[in-house]
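Here's the structure we're looking at; comments come further down.
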Amino acid sequence: MLALLIVGSFALLTLTYGQGSNGIQRGVTAIFTPISSVLDRALKPARDLINWVDETFDARGKNHKLETEVQALRKEVVGGKVALAENEELRALLKLDKSGAIPSEEGIVTGHVIGLSPTVWFSTLMIDVGSSDGVKIHDPVVNGDGLVGEINAVTGGASKVRLITDHESRIGVRVVPAGLQALVKPTVGEPNRLVLGFINGDKTLHKGEKVVTSGWHSEDIEGRFPPNIPVGEITEASILRQEAQEQVIVRPYADIRNLNVLQVLTGGSNE
Amino acid sequence: MILTPKIVARLVVVGLLGVLLQLTFFSQIELFHVSPDVLPALVVVLGLLGGSLTGAVSGFAIGFLLDCLLIQPLGGASLVLIAVGFAAGTFRERFEIHSRLVAPLLCAVFTLLAELGFGAVEAMFGINTDVSIFVVRDMLIKTIFAFFIGWALYAGMRRLVRPALVDEATVRRTRRPTVLGA
């Protein structure tokens, strides 16, 4: 019996690895998605309570650090007008709508998170919208802050989102205002740390520069993200790292560990 | 464990509920920036109560359902959880559990091994990016969570399947009758 189970598991793994959804998964998700959806909403208050406790402990630790930062920021108020002008320039550059995240030409389908992968190795989640809502594989997924991931598999009423922190994720990006084209990869185990590897250009990047999707793709990149979706901000850009490893570190705008309502941009071409 | 249809039905409900709660609740909460993983602990408890075969079958079924609902390659989670369930059941068949700490400790140890197993399965197909040292921290914190989750799960599951437990039935049969007025 044990041998049968192990052989069965290996056979299933071999047959289904690298595929999207199969008939069994579509059937099972069709049955359980409504139940998951109800459970997800019913358990939200309890989840929020526990996460609030965690965030409160976290906030206490950050309090002193933030006070120091506030003092430093006060000194930078003089440069505020410059920052405002830069902000206007970036908004125009990114063609953001009022929410600041979504290109206007994209169709939008809103979905709720109904399930998250429990291990640190997979960075995927399930949302309660699927092909019946117009969602397709490789559609970009955003929240109010920026890019979250892309649709990786679709069933009738649910979809799997591969987060930008999943180890298979690759995003073609552009750094603004530097204009440098690059590729962003995740670091497994650190959802707030993306690695931006240089592809072209010899410009030096600086902390605080913005990273947006470039709109291009290649053989290495499955996703077809439309251009100018905000991805994150450069947080570490030491000259040493840039020269030795051709890398800088990016913090994603979207809080990947705290996702609830997401938007799928269904208007783009996926071919 | 004596597997009557009623007990099997209870185990199926527990398995379904476990997977659904993992996806909709436990994976979406964070303590110390880490989400608890209850499924390895659940499989360990089922193995400890039901033996190696029950553990292995539970591991397969729970892993299969998890892979189906997350639209992951089927068999990956099953493979890891079969090993966990079988090992826990084998432990139960070879050793008597005298201390209340044994079940939670086994849940913690096997959760750590399961997390390593999930990583090994993924590594088998290639991880083409940096892996942070924080992965180790996450695994260790999950292990600590599993200790407490295992404690509660073992007590709850023992109560749920008590009529089917062989050692409980033996205790009930050998208990001396109460003599009133003695």
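The values are calculated or read from the model by the stated rules, or taken from the named source; none is laboratory data. Note that this is a predicted model, so its numbers are computed, not measured. So basically every Cβ, Gly included, is an ideal-geometry build from the backbone, and we count neighbours across all protein chains shown.
Taking B:ILE71, is it surrounded by fewer than 19 Cβ atoms within 10 Å (Cβ to Cβ), aliphatic (A, V, I, L, M) and either out of contact with any helix residue (DSSP H, G or I) (no Cβ under 8 Å at 6 or more places or on another chain) or not in a helix (DSSP H, G or I) (or both)? Answer is no for this residue. Return yes when A:ARG74 is at pLDDT 85 or above and basic (Lys, Arg) and no when it is not. Here the answer is no, as A:ARG74 does not meet what is asked. Of all residues being of a type in the set (Gly, Ala, Ser) and under 20 Å from A:THR204 (Cβ atoms) in segment A:228-268, which is modelled with the lowest pLDDT? Just the residue, please. Ranking the candidates gives A:ALA244 first. Against the definition (part of a helix (DSSP H, G or I), within 11 Å of another protein chain (Cβ to nearest Cβ), in contact with a Lys or Arg (Cβ under 9 Å, 6 or more places away or on another chain) and not aromatic (Phe, Trp, Tyr)), how does B:GLU122 come out, yes or no? Against the criterion (part of a helix (DSSP H, G or I), within 11 Å of another protein chain (Cβ to nearest Cβ), in contact with a Lys or Arg (Cβ under 9 Å, 6 or more places away or on another chain) and not aromatic (Phe, Trp, Tyr)), B:GLU122 does not qualify. Pairing each residue of segment B:21-50 that is part of a loop (DSSP other than H, G, I, E, B) with any residue that is surrounded by fewer than 23 Cβ atoms within 10 Å (Cβ to Cβ) and of a type in the set (A, V, I, L, M), provided the two are 6+ apart or on different chains, yields C-beta distances under 6 Å for B:PHE25/A:LEU43; B:ILE29/A:ILE50; B:PHE32/B:ILE141. Going by the structure shown, is B:PHE91 part of a helix (DSSP H, G or I) and within 7 Å of chain A (Cβ to nearest Cβ)? Taking the combined requirement at face value, the residue does not satisfy it.
Residues that are of a type in the set (Lys, Arg) and under 30 Å from B:PHE145 (Cα atoms) were ranked within segment A:110-163; the one that is nearest to the other protein chains (Cβ to nearest Cβ) is A:LYS160. Restrict the check to segment A:62-70 and report whether at least one residue is at pLDDT 70 or above, out of contact with any Asp or Glu (no Cβ under 9 Å at 6 or more places or on another chain) and within 14 Å of chain B (Cβ to nearest Cβ). Within segment A:62-70, one or more residues are at pLDDT 70 or above, out of contact with any Asp or Glu (no Cβ under 9 Å at 6 or more places or on another chain) and within 14 Å of chain B (Cβ to nearest Cβ).
Residues of segment A:19-36 that are closer than 24 Å to B:GLY117 by Cβ, facing chain B (nearest Cβ under 7 Å) and surrounded by fewer than 17 Cβ atoms within 10 Å (Cβ to Cβ): A:ILE24 alone. Number of residues in segment A:121-177 that are under 17 Å from A:PRO230 (Cβ atoms) and aromatic (Phe, Trp, Tyr) equals 0.
In this structure, A:ASP54 qualifies as out of contact with any helix residue (DSSP H, G or I) (no Cβ under 8 Å at 6 or more places or on another chain), at the interface with another protein chain (Cβ under 8 Å from one of its Cβ atoms) and of a type in the set (D, E, K, R). When B:SER58, B:SER78 are checked against the criterion of being crowded, with 24+ Cβ neighbours inside 10 Å, in contact with a Gly (Cβ under 7 Å, 6 or more places away or on another chain) and within 9 Å of chain A (Cβ to nearest Cβ), a single residue qualifies: B:SER78.
For segment B:8-37, the candidate set comprises residues that are buried (at least 24 other Cβ atoms within 10 Å of the Cβ) and among the aliphatic types (A, V, I, L, M); within that set, the residue that is nearest to the other protein chains (Cβ to nearest Cβ) is B:LEU23. In this structure, A:PHE198 does not qualify as buried (at least 22 other Cβ atoms within 10 Å of the Cβ), among the aromatic types (Phe, Trp, Tyr) and in contact with an Asp or Glu (Cβ under 8 Å, 6 or more places away or on another chain). With respect to being at pLDDT below 90 and not charged (D, E, K, R), B:THR4 fits the description. For the structure I just gave you, tell me whether A:PRO45 is at pLDDT 85 or above, out of contact with any Ser or Thr (no Cβ under 6 Å at 6 or more places or on another chain) and surrounded by 10 or more Cβ atoms within 10 Å (Cβ to Cβ). No: the conditions fail for A:PRO45.
Screening the candidates A:LEU13, A:LEU5, A:LEU39 for the property of being facing chain B (nearest Cβ under 8 Å), among the hydrophobic types (A, V, I, L, M, F, W, C), buried (at least 18 other Cβ atoms within 10 Å of the Cβ) and touching a strand residue (DSSP E or B) at 6+ places or on another chain (Cβ under 9 Å) yields one hit, A:LEU39. I'd like to know if segment B:63-75 contains one or more residues that are touching a Gly at 6+ places or on another chain (Cβ under 9 Å) and among the aromatic types (Phe, Trp, Tyr). Yes, segment B:63-75 contains a residue that is touching a Gly at 6+ places or on another chain (Cβ under 9 Å) and among the aromatic types (Phe, Trp, Tyr). Screening segment A:164-213 for residues that are more than 13 Å from A:ALA237 (Cα to Cα), more than 12 Å from chain B (Cβ to nearest Cβ) and touching a helix residue (DSSP H, G or I) at 6+ places or on another chain (Cβ under 8 Å) and picking the one that is modelled with the highest pLDDT gives A:VAL212.
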